[in-house]
Amino acid sequence: MSETATGQSGDMHLASGYRKDLNYRVDFGFDLDMPPQLGFLEELSWNYFWSWCEGGEAVFRDLAPGLWEDCEQNPRQMLSRISEIALWQKAADRGYVARVADLEERFREYLSATPNTFGKVTPENPVAYFCAEYGVHNSLPIYSGGLGILAGDHLKSASDMNVPLVAVGLMYRYGYFRQKIAHDGWQEESYRNALEDFLALKPVNDENGERILVSITMRGRRVHAQAWLAQLGRIKLYLLDTNVAINDEVDRFVTGHLYGGDNETRIVQEKLLGIGGVNLLRKLGVEPSVYHLNEGHSAFLNVELAREFLEEDETLTFEDVVPRVRELCVFTTHTPVDAGNDSFPADLVGSCFDESYIESLRLEKEEFFALGRTDPEDENEWFGMTPLAIRLSRSSNGVSEKHGQVSRSLWKKMFTDIEEPTEVPITHITNGVHPATWISPAFKDLYRRHLGQDWYSLINSREIWRSAVNAIPDDAVWRAHQLLKNLLIAYVRDSTLRKDAGLKSTIHEREDTRKLFSDEILTVGFARRIAKYKRWDLILHDLDRLLKMVDDPKRPVQFVFAGKAHPQDNTAKAILQKLMSINHDSNWQNRAVFIEDYDQEVARYLVRGVDVWMNVPRRPLEASGTSGQKVAMNGGLNFSILDGWWIEGYNGENGFAIGDRHEADDENDSVNDINDADSLYSILEDQIIPEYYDRDEKGLPRKWIARMKSSLATLTPAFSSDRMLRDYIEQIYDAGETARTRSEQN
Ligand SMILES: *Cc1c(COP(=O)(O)O)cnc(C)c1O
């Protein structure tokens, strides 16, 4: 039975089923008689480094390919289920054993390097990175989408670049929901106990081997949390978890679900993340030089730092310690819409923070509430995590150039002494993605053959990378791409069969499914969260025009969709249902598929296998977007509204731009929608389709490949998370308040 959570009542409903695992073993140990030649695999399965290092994924997959997929690419689970016969057979395979040995050598070398120092960021005083979700791998279901994936990629780059950094988050026992689409097209959610999946999480203990517990007051009582450690290469990610026996049963659900609860659940989660997170670092003896708040969810940490300073010196006031807190904290905002920013009514904040905590800040209740308002005087304003973070951090930044500008306008109201939005102290660092995670094995091979063994380091030198990629022969690029496209098609067919879903309602017959999709047809991918501003229905604006393209016998188009609606967002679910219900008398049935349960696994297939990646947000509401960057690194072409990162990425040759730079006047700017839809169709009809099908005598679309190469060559270095992290280090982590202000004035 699926367990659905909707706020309090959902929690209550879950509570009864939850008792079953009260005594769930905490070490998730299993007996495994590993052949000594393969012993290293057990060790590697504890470090998510396997998921991005050269050959790491393959070494697990090749151990037992079918089981690997059954276990959703989770090596811990696979090792718990694999037969000993299979292990011993593999141990007799000399080629395989040599690969394991080689991997072990690289792993040891990787881990033995001493961490780098970047100004005040040192191994003794690392960066403390806080985020409410982390997208490390699909087998660790503690992310919902872009924010989490970005955080995961940030940590992976920190590991590769050997940046001293410790990360803090929450361990959601039931994770983010899994999506199924019912026959009427309505989204259904279900949750699974993630810890039953043998995750690579180790309990965090003190030197006596006792579980470290942090405890904070919420809901009028003490709530305790234990911690789990996920190891990402050289980086430690600590995850707090309130599922401990001494807690009240409802409190054990504080970290039950990611974004599954109501406002009350959310504020207690955020209190745990911010305040519990700082307390955990203290218990671990970590003294950060910088606290990076990735989105405002963790902003209570700034308040806790203030409380610590005040505790040290009873003569100080809150105002006195604000500069010290600010000097330690930097904040990244991720949304360009007011409503996207977390906020809570004052009485909820009041009941979450008892009076003694507020007293320990030497503040009156009203003064405390004012910290979270854009206008401190306005008693009706809700307590916002973004105003709190901006107020108590030395640096605030958006996630693309455009988003920086939008954020300055949005938050100008907090800076009453500033006249011009351009002077609002919010900068930007454009998001990037982790190349080793997102570049497919096929392209890694291609680069190794044409760019040499150390091709990966070339990504950091834009000019060298650009000319090296441009020199790769067209047919080699095309072959690598077609290979990935075929993997996507196999995945589409397989998941359609397996899940019995898709835009086709008559999919049941296996024969039909085998015909689904073709590698000779132009394939357009569209996968993103289902939210109004993402305009899922833009493509459906003129159905006849769309179907004419799909049906064209000589130059057809096929579409693959994926995406989740927030479990409490019925408007979004209705949008999805509308898409699912297109049941036109045409090839649409064979040429449009919806893949359920968009997660990192689905994303890997999609971003690597499509020809074209479409993105049609209502300007300027896409803060950055990162999925298109993953596509660009695998030879797909972006076909997107000029918003977020694409404004910086698009150069006229490396993809396609939809619409003009007009900005929607409001949520319902239908003229703007009509214009954008018209532009979308026209570009497909006049540019994309003709260019894609324009083949030379060898069957190669030369102009298209030129665009692919331009995209690979220009976008890979510019939108890698290594570049992003370097920017954070140089412009933010290692810059003090004064340095930053100075650089802004220049
Ligand atoms: C990359 C990624 C995202 C973020 O993509 P957007 O471009 O922001 O839509 C979301 N979900 C998954 C699973 C991803 O891999």
Checklist entry - Any idea which of HIS257, TYR291, SER396 is furthest toward the positive side of the dipole for the chain, if Lys and Arg beta-carbons carry +1 and Asp and Glu beta-carbons -1? => result HIS257
Item to check | segment 568-639 pair-distance distribution - Cα-Cα, 5 Å bins, rounded % | outcome: 3, 12, 16, 21, 25, 16, 6, 1
Checklist entry - Where the Cα atoms of the chain are projected onto their three principal axes, how long is each span, largest first, in whole Å? => result 83, 66, 53
Checklist entry - Once a ≥ b ≥ c are taken as the square roots of the eigenvalues of the Cα gyration tensor of segment 323-395, is the result rounded (a/c under 1.5), prolate (a/b larger than b/c) or oblate (a/b not larger than b/c)? => result oblate
Next on the checklist: Rounded to the nearest 20 debye, what is the charge dipole size of the chain about its Cα centre when +1 sits on each Lys and Arg Cβ and -1 on each Asp and Glu Cβ?
Outcome noted: 2340 debye
Item to check | Karplus-derived HN-Hα couplings along segment 144-160 (A = 6.51, B = -1.76, C = 1.60, θ = phi - 60°), whole Hz, x at Gly and Pro | outcome: 10, x, x, 4, x, 4, 4, 5, x, 5, 4, 5, 5, 5, 4, 5, 4
Checklist outcome for this item: The helix 600-609 Cα axis meets the longest alpha-carbon principal axis of the chain at an angle in degrees, between 0 and 90 and rounded to 10, of 40 degrees
Item to check | Residues with amide H under 5 Å from that of SER395, placed H, sequence gap 5 or more | outcome: PHE331
Next on the checklist: Can you give me the angle between helix 570-580 and the longest principal axis of the chain, using Cα atoms only, in degrees from 0 to 90, rounded to the nearest 10?
Outcome noted: 10 degrees
Item to check | Dipole-positive endmost among LEU538, THR386, MET708 within the chain (Cβ charges, Cα centre) | outcome: MET708
Checklist entry - Arranged from highest to lowest average of other beta-carbon atoms within 10 Å per residue, in what order do the peptides 553-559, 718-724 appear? => result 718-724, 553-559
Item to check | Most positive-pole-ward Cα, PHE49, ILE472, SER409, against dipole of the chain from beta carbon charges | outcome: ILE472
Checklist entry - If R0 is 51 Å, what FRET efficiency do you get for HIS662 and ARG108 from their C-beta distance, rounded to 0.05? => result 0.40
Item to check | Mean-position separation - Cα centroids, segment 203-279 and segment 590-629, in angstrom | outcome: 33 Å
Checklist entry - Roughly how many Å is it from the Cα centre of segment 536-554 to that of segment 76-132, as a whole number? => result 47 Å
Next on the checklist: Sort 379-388, 698-707 by packing, meaning the average of other beta carbons within 10 Å per residue, with the highest value first.
Outcome noted: 379-388, 698-707
Checklist entry - What does the helix-only formula give at 222 nm for the chain: each DSSP H stretch with n ≥ 4 adding -39500 (n - 2.57), the total divided by the residues, and the result rounded to the nearest 500 deg cm²/dmol? => result -12000 deg cm²/dmol
Checklist outcome for this item: Here D for segment 384-536, in µm²/s, from Stokes-Einstein with a Kirkwood Rh over Cα pairs at 10 °C and 1.306 mPa s, works out to 77 µm²/s
Item to check | Candidate aspartates and glutamates for bridging to LYS365, where Cα separation is under 12 Å - those fewer than 8 sequence places away on the same chain excluded | outcome: ASP347, ASP354, GLU355, GLU379
Checklist entry - Looking at the square roots a ≥ b ≥ c of the eigenvalues of the Cα gyration tensor of segment 160-282, which shape do they give, rounded for a/c under 1.5, prolate if a/b is larger than b/c, or oblate? => result oblate
Checklist entry - Hey, what's the chain come to in accessible area per residue, 1.4 Å probe, Å²? => result 38 Å²
Item to check | Restricting segment 37-93 to GluC sites (Glu not before Pro) in coil, as DSSP defines it, with at most 16 other Cβ within 10 Å | outcome: GLU54, GLU72
Item to check | Unit charges on C-beta of K, R, D, E only; dipole of segment 441-719, Debye | outcome: 1020 debye
Next on the checklist: Using the Cα centre of segment 228-282 as the reference point, and only Cβ charges (+1 on K/R, -1 on D/E), how large is the resulting charge dipole? Debye, rounded to the nearest 20.
Outcome noted: 460 debye
Checklist entry - Rounded to a whole number, what % of the accessible area of the chain do carbon and sulfur atoms account for, probe 1.4 Å? => result 48 percent
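The values are calculated or read from the model by the stated rules, or taken from the named source; none is laboratory data. Since the model is a prediction, treat every value here as computed from it, not as a measurement. Note that each Cβ is placed from the backbone with ideal geometry, even for glycine, and that neighbours are counted across all protein chains shown. Note: areas computed on protein heavy atoms with side chains; ligands, DNA, RNA excluded. Shrake-Rupley method; radii C 1.70, N 1.55, O 1.52, S 1.80 Å.
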